[in-house]
Amino acid sequence: MSFVLHVDGERWRAGHDRFVAEHPGVVPVVKGNGYGFGRDLLCGEAARLGVSMVAIGTYAELPSALGAFGGEVLVMEPYRAAVHADLPDLANRRVVHTVTTEPDLVSLREVLADARVVVEGLTSMNRYGTPVADVAALAGVADAVGVTLHLPLGTGHVEEISRFIAAVPGVRTWFVSHVSPAELATLAARFPDHEFRPRIGTDLWYADKGSYEVRAHVLDVRPVTKGTRVGYRQRAVAAGHLVVVSGGTSHGVAMESPSSAATARSRAIAVTEGVLEAAHRVRSPFTVSGVMPRFAEPPHMQCSLLVLPAGVAPPRIGDVVPVRMRLTTTTPDAVVVS
Ligand SMILES: *Cc1c(COP(=O)(O)O)cnc(C)c1O
């Protein structure tokens with residue numbers, strides 16, 4: 001266990017408390033790798049926050065979410081008779097399903113006559129949903145808990161949501177995704193009788209970015225002279241120290257998408273060479289002796305080879321080094337909440 005996400009529990013939770021106080025009606029999103037923290041931990045945190053509902057990404061995430069959270073669980077993946085009809089938990093009354101067609105609704109209600117659903121509207125996102133003209137009819141037949149809308153990045157959300165609301169007069173509760181606090185305030189003022197429930201993951205779980213940190217270990221340190229060849233690819237390195245640290249591709253090191261690369265230059269390199277191939281050209285996410293050294297070559301599965309320039313004091317075996325990574329693509333060996 002040497003690539004570990006450390007969480008200062010008190011500070012992390014205080015960030016969540018503040019966020020939830022500022023976002024009434026928030027539906028925490030708990031999906032994928034659990035934003036690096038793990039889905040079960042986040043479900044427990046949602047319970048502590050006292051929210052009534054969490055939203056998950058897929059039906060595959062449903063059994064664990066039902067186990068870890070005692071309230072309502074909204075599945076954001078649409079229910080499809082052709083895909084999901086045989087899954088366990090469809091009849092669990094704490095589940096709120098997302099439907100976009102009447103045949104899917106009929107299939108679901110064959111499993112549980114009063115299964116609760118939301119109807120997803122097809123927005124400019126163009127992912128999945130019911131066209132705006134058909135939402136009112138489907139929501140009516142379904143006696144839907146609400147309508148859900150998933151908006152693309154950018155602006156214009158208020159007008160798009162307003163068009164849906166005008167077309168679906170019978171529905172009071174609207175679950176919305178990627179709508180800013182300012183846009184929510186505008187909507188609340190424009191539609192005082194409606195309830196808007198933002199579905200939020202990133203801004204909630206990372207509310208206090210200083211409250212958690214990924215840390216790796218130094219596994220080996222060796223002085224190298226200029227031209228020494230190292231690694232699978234036998235690439236020649238500059239003079240300095242070769243530092244082997246825990247953390248590799250299996251933990252998500254250097255697997256981030258190019259858009260998250262720090263500079264335009266590193267983004268351009270990542271696009272031309274492929275993210276992993278470009279790894280030796282960009283700074284690694286590890287901070288060693290106060291600097292972020294380069295990779296000697298693309299990371300291996302469980303460790304990475306770094307080149308510390310001459311003149312920088314080498315670390316010692318066993319030293320802890322912080323790692324700056326996007327947690328949605330990080331798979332730590334363990335998450336330690338203190
Ligand atoms: C993932 C997801 C969210 C949460 O997104 P964040 O950017 O993490 O807040 C909200 N709505 C839908 C439909 C999603 O798929």
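The values are calculated or read from the model by the stated rules, or taken from the named source; none is laboratory data. Worth saying up front: this structure is predicted, and the values here are computed from it rather than measured. Don't worry about glycine lacking a Cβ; one is built from the backbone with ideal geometry, like all the others, and counts go over all protein chains shown. Heads up: the accessible areas ignore ligands, DNA and RNA and are worked out on the full protein's heavy atoms, side chains in. Shrake-Rupley method; radii C 1.70, N 1.55, O 1.52, S 1.80 Å.
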Among 247-255, 125-133, how do they line up by average Cβ neighbours within 10 Å per residue, starting with the highest? 247-255, 125-133
For the pair Ala113/Thr202, report the inter-label distance in nm, with labels modelled 7 Å from Cα in the Cβ direction. 4.5
When ligands, DNA and RNA are left out and all protein chains stay put, how many square angstrom of accessible area per residue does the chain have with a 1.4 Å probe? 46
Can you pull the three principal axis extents for the Cα set of segment 8-205, in Å, largest first? 48, 41, 26
Quick check: the distance between the Cα centres of segment 105-125 and segment 25-45, to the nearest angstrom? 23
Taking the 0 to 90 degree range and rounding to the nearest ten, how far is the long axis of helix 181-190 tilted relative to the main principal axis of the chain, both from C-alpha atoms? 10
So how much slack lies between Asp143 and Tyr128, counting 0.36 nm per residue of separation and subtracting their Cα-Cα distance, in nm? 3.4 nm
Plugging the Cβ-Cβ distance of Asp333 and Arg48 into 1/(1 + (r/R0)^6) at R0 = 30 Å yields, to the nearest 0.05, a FRET efficiency of 0.75
Using the Kirkwood radius built from alpha carbon pairs, what does the Stokes-Einstein equation give as D for segment 131-261 at 37 °C and 0.692 mPa s, in µm² per second? 166
What number, in percent, do you get for the relative contact order of segment 8-205 if the mean sequence gap of Cα pairs under 8 Å and at least 6 apart is divided by its residue count? 18
Spatial extent of the chain: Rg and Dmax, with the Cα atoms as the point set, Å: 23.8, 74
I'd like the carbon and sulfur percentage of the solvent accessible area for segment 8-205, probe radius 1.4 Å, heavy atoms only, ligands and nucleic acids excluded. 55
Calculated [θ] (222 nm, deg cm²/dmol) that DSSP helices of n ≥ 4 give over the chain, each run adding -39,500 (n - 2.57): -7500 deg cm²/dmol
Based on DSSP, what percent of beta bridges with both residues in the chain are antiparallel, to the nearest 5? 50
For a label point 7 Å along the Cα-to-beta-carbon line of Arg18, residues of segment 301-338 with backbone N under 13 Å: none
Reference-scaled alpha-carbon Rg (2.2 N^0.38 Å with N residues) for segment 198-257: 1.69
In degrees, nearest 10, the alpha-carbon axis of helix 132-142 is tilted away from the dominant principal axis of the alpha carbons of the chain by 70
